[in-house]
Each structure stands twice: as C-alpha cells, then as structure tokens.
1. Could I have the simple spin-label model distance between Ala193 and Asn135, label points 7 Å from Cα toward Cβ, reported in nm to one decimal?
2. Determine the order of Asp201, Asp46 by accessible area, beginning with the largest, at a probe radius of 1.4 Å.
3. For Ala65 and Ala254 in the same chain, what is the full-extension length gain: residue separation times 0.36 nm, less their Cα-Cα distance, in nm?
4. When only the heavy atoms of the protein chains count and the probe is 1.4 Å, how do Met88, Met169 rank by accessible area, highest first?
5. What Kirkwood hydrodynamic radius do you get for segment 35-114 when you take the inverse of the mean 1/r over all pairs of distinct Cα atoms, in Å?
6. What FRET efficiency do you get for Arg210 and Ala240 if R0 is 45 Å and r is their Cβ-Cβ distance, rounded to the nearest 0.05?
7. Compute log10 of I(q)/I(0) for segment 66-222 with the Debye formula, placing one identical point scatterer on every Cα and leaving out solvent, at q = 0.14, 0.16 Å⁻¹, to two decimals.
8. If you roll a 1.4 angstrom probe over the protein chains with everything in place, what fraction of the accessible area of segment 106-194 belongs to carbon and sulfur, to the nearest %?
Amino acid sequence: MFGRKKRDTTETAEAETQSALDTDAGEDLGADGAPDSVDVADGTADPDSGPWSIEDREGEREEIAQGRLDLGSVLLPLPAGGQLQVEMTQQGTPQAVHIVTQHGRITVAAFAAPKSPGQWREVATELADTLRRDNATVSVESGPFGREVVGLTAGGELRFIGVDGYRWMIRGVATGPTGSVGADSPLVQQARAVVAGTIVDRGSDPHPVRTPLPVTLPQALAQQLAAAQQQQQAAAQQQAAVQQQAAAQQQAAAQQQPSTEDPTAGGGRRGPSGSAMQQLG
C-alpha cells in the first residue's frame, strides 16, 4: 500500500501558501473573461488517491512498477487495450510517450516544480491563453484534481489535467475528435485514471522549474523501437534502390530505341560515291 512521507512543511507554511494563493485568486479567467469558479487551491496530489511520489510507496522499484509502464521519471498504469506511441527528438532520444486508445490519445508528463504547490494553477492559465490565441474555444472546468483546461479546435479537442506534487507537477492531456473530451466521456475517465495511478520519480538531480523530467524507455520497448526503426530504414533503402533501378532501366531503354530520323533529310540523295551534288562536281 501507499504510505505518506513526512515533508519539511508546517501548518504555518501551509497557511502562508494558502494565503498567497487566495491573494491573487482573481488572476485566473474563464472562457468569458470572468474569474473561473474553480477552487484556487486545486491540483494538489492526494496521498490517499494518487498520484504519488515514488518515495511515498513502500517496496522496491520492481514491485512498484508491476502493472505500470516504467519511463524513469513516471510510472504509468496502462488502460486495457492501450497501445504505446513514442515521440522521438531529432537526436534520437525519447521525448514523449503517448497511450493510444480506441477513444483517443492520452499523454502524461512530469515537470520539475518548487516545493510549494501552485505551479499547475499558473500553467493552466497560460495554456488557456495560448489556446485562445490559436483561436480555440476554451473553458476551465472542475475535475477530481481541481481545474482542467478544455480546448475545442478545428482539428479536435483537448483536455489538460494537472496535479502538483512535492517538487514535481504532472500534466495529463486527453486528445481526441470533436465530442471526445466531455467531462464524463470514456477518454477523459481513462485519462483521469492514468493520472491518478501515476507514480513520479523526481530524482535528486537539480532541474529548473517547469523543465520536463527525463523519459527513459524500458529495455524491451527500446529494443522494439530500435528494431522498428531499422525495418523502416531498410524499407526506405529498398524503395530507393528500386526507384534507382527503374530509372536506370528507363534511361537504357531510351538509348536503345532506333532513330526515326530520315537519313536523306537535309543531305540529299546519297550514292556509292557520296551525294548527287558531290558526283556532279
């Protein structure tokens, strides 16, 4: 079972944090430009329902990872039937891992954060502003973790779910076609369950605030990805070779075609000793 690790906070510090959040509560605006009605102290991880820090879980990492996908900084529960889609950087390192379901796509990432909560609240406001600048219809709704940002675009819909932990923040994204990210939709229910069951390994290395925590692939998944990339490269090379061979064959065929030029054109009638004009001369 999950245990709760004691943090170096006191009731006084918690009260000061709450007071600071209450002071600037009016800065967050809803879709109509008015302050949204979501509790300002939202998005905080619940030690009883998750998500959790790995330090809050008793047992070895192998035991903790059972039933979850271990990506280094996050250990994710996989919904039934979910398939993995790995997004790579230009340098060939994993940048994000998406869970593709029959209802849509779920992406969960962890970021460095300060010890005190409140980063998700700031990020949610910035996400809403960015979506509006991209001409999306935006609303801020209340979910089981607090505020959730919903964006409706021409290409589909997104719902952002955030949770603040101790020196980390989780951002979950549910992406799907129009009508797929309603509060009670199967995709959103799956996304919330994945977020709730996630375990974060913040590590001890220093990271600037809001920096994505590094993603590492399990050895088996990394080998499968490498094999798939090799197959794709081999297929691309084979296709290029076939195209080159076809081009060479076309060029050779063009060179072997008999000439249709009239041998007497422009040169007069030729006889055994040259042209007719040459014989008269």
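The values are calculated or read from the model by the stated rules, or taken from the named source; none is laboratory data. Just so it is clear, the model here is predicted, and its values are computed rather than measured. As a convention, Cβ positions derive from the backbone with ideal geometry for all residues, glycine included, and neighbour counts pool all protein chains shown. Note: areas computed on protein heavy atoms with side chains; ligands, DNA, RNA excluded. Shrake-Rupley method; radii C 1.70, N 1.55, O 1.52, S 1.80 Å.
1. Here the answer is 3.7 nm between the modelled labels.
2. Details: Asp201 40, Asp46 60 Å².
Listed by decreasing accessible area, they come as Asp46, Asp201.
3. Numbers: separation 189, 0.36 × 189 = 68.04 nm, distance 6.38 nm.
Extra length available between Ala65 and Ala254 comes to 61.7 nm.
4. Numbers: Met88 55, Met169 5 Å².
From most accessible down to least: Met88, Met169.
5. Values: mean 1/r = 0.0660 Å⁻¹.
Roughly 15.1 Å, rounded to one decimal.
6. Once rounded, the FRET efficiency stands at 0.60.
7. -0.69, -0.92
8. On the way: 1780 of 3340 Å².
About 53 percent, which is the carbon plus sulfur part of the accessible surface.
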